[in-house]
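Just so you know, all these numbers are worked out from the coordinates, no wet-lab data involved. As the structure is a computational prediction, the values presented were derived from the model and not from experiment. In this analysis, Cβ positions are derived from the backbone assuming ideal geometry, glycine residues included, and neighbour counts consider all displayed protein chains.
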Amino acid sequence: MKDIILAKFAEVFGDAQEVQTYFAPGRVNLIGEHTDYNGGHVFPCALTIGTYGAARKRQDRKLRFFSMNFEKLGVIESSLDDLVPSKEAGWTNYPKGVMWAFGQRGMEIPCGMDLLLNGNIPNGSGLSSSASLEVLTGFILRDFFRYEVTNQDLALIGQFSENQFNKVNCGIMDQFAIAMGKKDHAIFLDTADLSFEYAPIKLENAKIVIACSNKKRGLGDSKYNERRSECEAALEELQKVVRINTLGDLDEADFEKYKNAIGSDVRRKRAKHAVYENQRTIQAVEALKNNDVKRFGELMNASHVSLRDDYEVTGIELDTLVEEAWKAEGVIGSRMTGAGFGGCTVSIVQDDAIDAFIEQAGRAYEAKIGYAADFYVVEIGDGPCKL
Ligand code: GLA
């Protein structure tokens, strides 16, 4: 991939002298969905697929961007004096947002750059192509200008840029999973205080299979921000009767005790999901520690049911993929992953059942939905790096 992006860089920007190349992964969340902005736990991992970048400093303040994923858009030009979000800037709002966020933290970017990207994360799939691009940009800026920021800071800066610049109120999970990724490990992260633990994923005779529904999902135009406000409102109502900082502070029993303080059925369901999903995530990691992959799978399935019925973020495409997975031989667990409303499902499937699962679920999906899903057998990879 390094050769491909260097050759394209030379073609697009004249030559490839003094160009540096980088990579940042995508991520998949195994369990703990819509808990990260509720002070709960998540359990994501970085993937070996991700975003590749080739970058070079400029003498002036110009920014020139080119994406091999959106070749038709050509070179998109901007400047360090124009770090404001705009519709026309399209995908470049992500790297620009990170440059802006560095500035907000007192790390002004001293000179412009040419940046070429090539990602192999299916775009809009819910595998965090945007967070990958944010962390990649932060990693390049740190490498170019020697800022003293840790990988965890890169995650926080990425999230800050997404919240403040791109106006998506996302939690910390995606950027954290990407910036802190570790090969063959998932990250058990407590979003209340960012304490975390790496858990080895030893799936004997099984693999992680991602099914992409090909229903495009944009966080901005989805109901993501609405779900977040519903949880905030439910938390405020609960805080009138119990001393908690976040929904993640409650276990199932406490929730049942206090839930009537929440004044609407809808908000009660949203909060229930946040509380129960957090507890499921804790139990799932425990199950994995005990090598109980079967139990892990059951908790994944329960997570999907809750996301479908209480959080209401699935939709017919994701439900179909998951229901087909549940029917298939050799599937240990299956659920939607990411924000929902489209995007992907994640399943743990026994090695000898993978081909048949992809065949059957793929056929049933296409027959019901009218277009095909894509399947990827993925591997857990490391965080960002220089190539
Ligand atoms: C998106 C957000 C994350 C998280 C998930 C849902 O991926 O970016 O912060 O909230 O949705 O778990």
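Odds and ends about this structure:
- Qualifying residue in segment 130-138 (condition: surrounded by 15 or more Cβ atoms within 10 Å (Cβ to Cβ), within 16 Å of the ligand (Cβ to nearest atom) and in a loop (DSSP other than H, G, I, E, B)): no
- Some residue of segment 205-212 being within 16 Å of the ligand (Cβ to nearest atom) and assigned to a loop (DSSP other than H, G, I, E, B): no
- Segment 314-338: number of residues that are assigned to a loop (DSSP other than H, G, I, E, B), among the aliphatic types (A, V, I, L, M) and surrounded by 24 or more Cβ atoms within 10 Å (Cβ to Cβ): 0
- Of the candidates Arg64, Arg27, the single residue that is assigned to a strand (DSSP E or B) and either β-branched (Val, Ile, Thr) or under 30 Å from Glu252 (Cα atoms) (or both) is Arg27.
- Residues satisfying the stated conditions in segment 140-171, i.e. in contact (Cβ under 8 Å) with a residue 24 or more places away in the chain, in a helix (DSSP H, G or I), farther than 20 Å from Asp190 by Cα and more than 15 Å from the ligand (Cβ to nearest atom): Ile140, Leu141, Asp143, Phe144, Phe145
- In segment 1-22, the residues that are touching a residue at least 24 places away in the same chain (Cβ under 8 Å) reach residues that are part of a helix (DSSP H, G or I) and of a type in the set (Gly, Ala, Ser) with C-beta atoms within less than 6 angstrom, at least six apart or across chains, in these pairs: Ala16/Ala10.
- Taken over segment 85-120, residues that are in contact (Cβ under 8 Å) with a residue 40 or more places away in the chain, more than 15 Å from Gly74 (Cα to Cα) and either in contact with a Gly (Cβ under 8 Å, 6 or more places away or on another chain) or of a type in the set (Gly, Ala, Ser) (or both) amount to 8.
- For segment 339-373, the candidate set comprises residues that are farther than 24 Å from Arg27 by Cα and without any contact (Cβ under 8 Å) to a residue 24 or more places away in the chain; within that set, the residue that is surrounded by the fewest Cβ atoms within 10 Å (Cβ to Cβ) is Gly370.
- Here the condition is being more than 19 Å from the chain's Cα centre (by Cα) and on the phi > 0 side of the Ramachandran plot; of Gly297, Gly263, Gly330, Gly248, it holds for Gly330 alone.
- Tally, over segment 36-63, of residues that are farther than 23 Å from Leu115 by Cα and more than 16 Å from the ligand (Cβ to nearest atom): 0
- Count - residues of segment 234-269 that are within 16 Å of Gly39 (Cβ to Cβ), free of Cβ contacts under 8 Å to residues at least 40 places away in the same chain, assigned to a loop (DSSP other than H, G, I, E, B) and not hydrophobic (A, V, I, L, M, F, W, C): 2
- Within segment 64-87, considering residues that are hydroxyl-bearing (Ser, Thr, Tyr) and closer than 15 Å to Leu117 by Cβ, the one nearest to the ligand (Cβ to nearest atom): Ser67
- Every pair of residues 6+ apart whose Cβ atoms lie under 6 Å, when the first sits in segment 173-195 and is under 10 Å from His41 (Cα atoms) while the second is within 15 Å of the ligand (Cβ to nearest atom) and among the charged types (D, E, K, R): Met173/Asp36; Thr191/Asp36
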